[in-house]
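Working notes, structure below.
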Amino acid sequence: MAKGLDSEFLAQLKSKNDIVEVIGSYVSLERKGTNYWACCPFHHEKTPSFSVNSLDQYYHCFGCGASGDVITFVREIESVDFVDAVKILAERVKMPLPDLNIDSEKTLEQKRKRDQILKILNDCAHFYLRNLNSGKADAHVQYILDRKLSSPTVRKFGLGASLDFKSLPQYLLDKGYRKDDILDSGAVTASDNGRLIDAQGGRLIFPIINAFDDVVAFGGRVLEKTDFAKYKNTKETSVFNKSKNLYNINLVKKQKKAEGLQNLVMTEGYMDTISLWQAGFHNVVASMGTSLTKEQARLAKRYADDVLISYDGDFAGQKGAIRGLEILRDEGVNVRVVALPEGLDPDDVVKKYGSEGYRKCLDEAMPLIDFKLSVLERGRDLSKTEDRREYIRDALKVIREAESASVREDLLKTLRDKTGVTYESLRRDLENEPQLPVKRETPEPVRNEDGADRNVKACRFIIASVLFNAKYARNFDISSVKFDNTVHNIIAEYIIGRQKRGENVRASDLFEIFDENTPELSAILDLSVGDSFGGVEAEKYFNDCVKTLARKKIEAELKELSAKCDAETELAVKKQYTRRILELTIQLKNF
C-alpha cells in the first residue's frame, strides 16, 4: 500500500474522522446547500471559495485549486508529512496505529533520524531541568527569582539550566546516541578541534515546543555581561525552522481546545510571553525575536483571526510592529498594535502596572494606520513650527493609504486637532499630494478558464458528470469514451472498476491515486460547484460532449484510413478502405 499503511486501516481512519468536523476545528465553515464554505486557509481571499463536500468527504478551493481528503488537509494545515497526519487523526479518534510498513530505505532513515533527533532534544530538556533543580544553578535560579517567575510557571514552560559546555555532550554520548545525530539535533556543536560542546553553554534554557508537544529547539539567555548575544536560538535543523514556529504555540493550542480563543497576543520574546502567561494571558505567543514571517502569520491565523502585536515600547520595537502588522494584514488576519509606554516591554508593563494595566493596553490597541500616525508623532514637538510641518507632511502620506473617504475624513479631523491647521487646508493638501502607486491585490486564479480546447473540456465534463453521479449520466458507459489524457484515463479506469464491483464512486478516493496538486484533477473538481450537473441544459451539454468526443474519434479514424488508402496499391484492399471511409463520412454528417 502506498504511504506504507494498510488500505483498510486508512479507510477506517477516514470514516471516523468526518472531514467537516476536522476542517471545522481549524476554520469557520458555513453550510450552503449540501456543501460547507470558508475562506481558503491556504491562500488569502476575501470571498469564500473553499468548499468542503460532506457527502464525498473531500475539500476543494475554487480559487487556488487546493484539494484533498481529510489526511491531505491535516498534512497541509499542520505542515507535517503523511505519516504524522495519520498519527494526528488516529489520536483524535483514539485509533491504535498499525505497524508502519515503510519499504523505502531512504524514508526509513529519514524517519529514524527525525525520531532520534526529537528523542535527543527531549532528553536535553530533562537534563537542563535537572540541572536547574540540582542546587548548582544559583545564577539561573536568581535570575528566575529576579524576574518574579513562580515555580508553577517555571515548570509549565520547562525552564532549565546549562551549567557548562561539556556535561551535556557527555551525557548524550553516555546514553548511546550517535555523534552525527547529536550534532544534527542542534543542541550540541563541534569546536574547531572536533570536540563536542553545548550550544547553549552556561545559559538559562527555554525549551521551544511545537504544536504537537515535541521539543524541537532551545532558546538560551546569558546570565552575565558578555560580548555574546543576550538570547540565542538553536540553529535550523530538520525539525526546527525559526521562521515557521511560534514560541508557546503548544499551550495556546491546548487553550483553544479547552476554552477557545478570541484572539492571539504576539510578543517578541520568551520572557514577555512567560510573564504575560503568568499574569493570566494564556493566548500569548512569541516570534522569538525574529522579524515576523509569512509562515508565522499563517500559523497564527490557524488559531485566531484576530492578532494583537505587542512588541517593545521603544522606537525600534514600534517599527517592527508595523512590519509585522503589514505581513499579518496581507495574510488576511484582523490585526491591531498594542501601544506600550515608551521604553517598556510587556513584561515591564505587567510588573509595573499589573494585569489590569496591561489589559488596558490591549483594550486600546489600534489599527495600523492610526498606529503609523502615532509613531510619526513620537520624538516631535508639535509646538515647534519645523516639527509640526514635517509631521503634517508625513501624516498626509499615511492618511492617503486609508481605504475609504470616511476614514480619511476622521483621520484629517484628528490631524486638525493635533496641529491647529484647518480641516479644509489639510483636505486640499491631501488632494494635492502626489498620487501613490495603487497596490493591486493579486487576482484570484480562475481555474476553469485555463485555455483548454473543446475536446479537453468535453472530457472533463463527462468524467465529472459520472464521478458526481449526475442523474443523466447514471447509466452511461464511460468505457465507450476514448480519452487521450493520462489523468482522464486513470479516473475512467477507477470508475469502471468500482462500477464492475457494484461499489459507489467517491471523488475522495482519487486522492489516494493522484497527488493533490494534479492540475487536471483540480480542473475536474472545479465543475462540482453549484448546479453544474442539474437541469436540462446540463444534460444537453453532456450529450453534446459525448458527440464531440465521438466525432473526434471518427475524424481520427478517417484521417488514418485516408492515409492508408492513398498509400495502398492493391485494388481490393483500396475498395475496402473506401467503403469504410464512406461509412464514417455518413456517420460524421449525422452528428
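A few notes on this one:
- For Ala507, net neighbour charge (Lys/Arg +1, Asp/Glu -1) across residues whose Cβ lies under 11 Å away: -2
- Local electrostatic count at Lys175 - Lys and Arg +1, Asp and Glu -1, tallied over other residues with Cβ under 12 Å: -1
- A 1.4 Å probe run over the protein chains yields, for the chain, 53 Å² of accessible area per residue, whole-number rounding.
- Principal-axis tilt of helix 294-303 within the chain, Cα atoms, nearest 10 degrees: 90
- Label-to-label distance, nm, for residues given as Gln576 and Glu431 (7 Å Cα→Cβ offset): 8.7
- Under 9 Å, Cβ to Cβ, from Ala85 - net charge with Lys/Arg +1 and Asp/Glu -1: -2
- Charged-residue dipole, Cβ positions (Lys, Arg, Asp, Glu), the chain about Cα centre, Debye nearest 20: 380
- Solvent-accessible surface (1.4 angstrom probe) belonging to Arg329, in square angstrom, nearest 10: 100
- Nearest-ten-degree value, helix 315-330 long axis tilted from longest Cα axis of the chain: 20
- Estimated 222 nm signal from helices in the chain, with DSSP H stretches of n ≥ 4 weighted -39500 (n - 2.57), rounded to 500: -16000 deg cm²/dmol
- Pairs of lysine residues in the range 21-172 - Cα separation under 30 Å, sequence separation of 8 or more or cross-chain: 26
- Pairwise label distance in nanometres, Phe9 with Glu356, each label 7 Å out on the Cα-Cβ vector: 5.7
- Computed lengthening from Thr34 to Tyr423, 0.36 nm per intervening residue step minus Cα-Cα distance: 134.7 nm
- Angle of helix 454-467 to the longest C-alpha principal axis of the chain, folded into 0 to 90 degrees and rounded to 10: 80°.
- Each peptide in 474-483, 118-127, 135-144 receives the mean, over its residues, of other Cβ atoms within 10 Å, and ordering these scores from highest gives 118-127, 135-144, 474-483.
- Calculated FRET efficiency, Arg378 to Glu409, Cβ-Cβ distance, R0 = 25 Å: about 0.55 to the nearest 0.05.
- Protein accessible area in the chain, 1.4 Å probe - carbon and sulfur %: 48
- Site pair Asn489 and Lys94 shows an inter-label distance of 4.9 nm when each label is modelled 7 Å from Cα along Cα→Cβ.
The values are calculated or read from the model by the stated rules, or taken from the named source; none is laboratory data. Every value quoted in this text rests on a predicted model; they were computed, and no experiment measured them. For neighbour counting, all protein chains shown are included, and Cβ atoms are generated from backbone atoms with ideal geometry for every residue, glycine included. Just the protein is used for accessible areas: all its heavy atoms, side chains included, with ligands, DNA and RNA removed. Shrake-Rupley method; radii C 1.70, N 1.55, O 1.52, S 1.80 Å.
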